[in-house]
Amino acid sequence: MGRPLSITLSGMTLMQYLRKKETFVWGLLILMTILAWVFGSNNINSVTGSADNIAAIVLTLAFFKVRLVLMYFMEAGSAPWALRGILEAWLIITFSLVIFFYITGGEMLVAPFVR
Amino acid sequence: MQTNTITKPAQTSLDKTIPGEAGLWIFIIGDMLIFSLFFLIFLYYRAEDVETFSTSQAVLNQTHGVINTLLMLTSSWLVVSGVHAARIGKANHASIFFKSALLCGIGFVFIKYLEYSEKIVQGYTLTTNDYFMYYYIYTGIHLIHVLIGIAILYFMATRTKTMTTNEQLQMIECGGIYWHMVDLLWVVLFPLLYLV
């Protein structure tokens, strides 16, 4: 009886590599990519400026994906708190600033430093 | 101290080891900070001319961008599997995984070539307007990161069979972390430049 995915690599099957939480994470990442694409596609948004709400959703999805990559692929999730803390801080600060700059252009933050 | 035992980084909270090594993370975080600045600079100037930026963005081929994102994410999964295989001593598997990730990287570069040439033929170059300047420069710098990553993956794919000590496994891990960073940067670049 043939088993599905019975590709064998020296005794171990591909299934054994697939049965990991990182595979589930990969699936989530793919799903969110397609979701963001559908939300952000030119069919939905007008050319003169996509709705801020849709952009916020797409950007939130993006940074959630970044967090998944950080925590599960780069293994920051199981790293010492100092490293994890720095990365989580970078994530939340960058995400907040990106949303803020997207909506306002960041004028408020940049103005004190310009001229 | 040099042993040939292959250990996984500790998973318990009592004995956490840093993935890769500290020096690498200084580089990684630094690179991420630079790209963060790139994102904000883009958004700052975008706000000064939303209409030009939006109409220019509409010219991009989002399909290329999505395919590239899927390639990057899949290559990261392959690298994760490769690192896991290396950790349990399955160097042959690791090599296959790293080579597959490398192929995904080459696919990314190829799509970029298709994308750039399509845009250039249509008349959109680096000097067309501010949006395209950011598009070419940011994706270009990212592309250079990808090329470096491909070289690193090649090194990992061909050397993994002889890299079995903890120190050498750490190098494999470092290569993997670098590749994930390249993936991570694209995950933000794609929606920023193509979607929103």
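The values are calculated or read from the model by the stated rules, or taken from the named source; none is laboratory data. Computed from a predicted structure; not experimentally measured. Note: ideal-geometry Cβ built from the backbone for every residue, glycine included; neighbour counts use all protein chains shown. In case anyone asks, the SASA skips ligands and DNA or RNA and just uses the protein heavy atoms, side chains included. Shrake-Rupley method; radii C 1.70, N 1.55, O 1.52, S 1.80 Å.
What to note about this one:
- Over all other residues within a Cβ to Cβ distance under 14 Å of B:ALA157, the charged ones net out to +4, with Lys and Arg as +1 and Asp and Glu as -1.
- Pairwise burial A:B, computed as accessible area of each alone minus the pair, summed, 1.4 Å, Å²: 4700
- Interface residues in the stretch B:154-196 - accessible area drops by 40 Å² or more relative to the isolated chain, probe 1.4 Å: B:HIS180, B:LEU184, B:VAL187, B:VAL188, B:LEU195, B:VAL196
- Per residue accessible area in Å² of the protein assembly as shown, where ligands, DNA and RNA are left out and the probe is 1.4 Å: 47
- Helix-only mean residue ellipticity at 222 nm for chain B, each DSSP H run of n ≥ 4 adding -39500 (n - 2.57), per residue, nearest 500: -26500 deg cm²/dmol
- Simple rule: put +1 on each Lys or Arg Cβ and -1 on each Asp or Glu Cβ in the protein assembly as shown, find the dipole, and look at B:GLY65, B:SER76, B:HIS93; the Cα lying farthest toward the positive end is B:HIS93.
- Membrane-span-like helices in chain B (whole DSSP H runs, Cα extent of at least 27 Å along the helix axis, mean Kyte-Doolittle hydropathy of at least -0.5): B:22-47, B:62-87, B:91-122, B:130-159, B:166-190.
- Placing unit charges on each Cβ (+1 for Lys and Arg, -1 for Asp and Glu) gives the stretch B:76-161 a dipole about its Cα centre, and among B:ALA151, B:PHE132, B:PHE110 the Cα reaching farthest toward its positive end belongs to B:ALA151.
- Heavy-atom accessible surface of chain B: percent carbon and sulfur, 1.4 Å: 66
- For residues of B:77-85, the mean tally of beta carbons on other chains within 10 Å: 5
- Computed on the Cα atoms alone, the convex hull of the stretch A:50-115 gives a volume of 95 cubic angstrom per residue.
- Pairs of Lys residues in the protein assembly as shown that lie 8 or more places apart, or on two chains, and have C-alpha atoms under 18 angstrom apart add up to 11.
- Student exercise, the stretch B:8-131 dipole from Lys, Arg, Asp, Glu Cβ charges, in Debye to nearest 20: 740
- Label-point separation in nm, B:LYS161 to B:THR125, each point 7 Å along Cα→Cβ: 4.8
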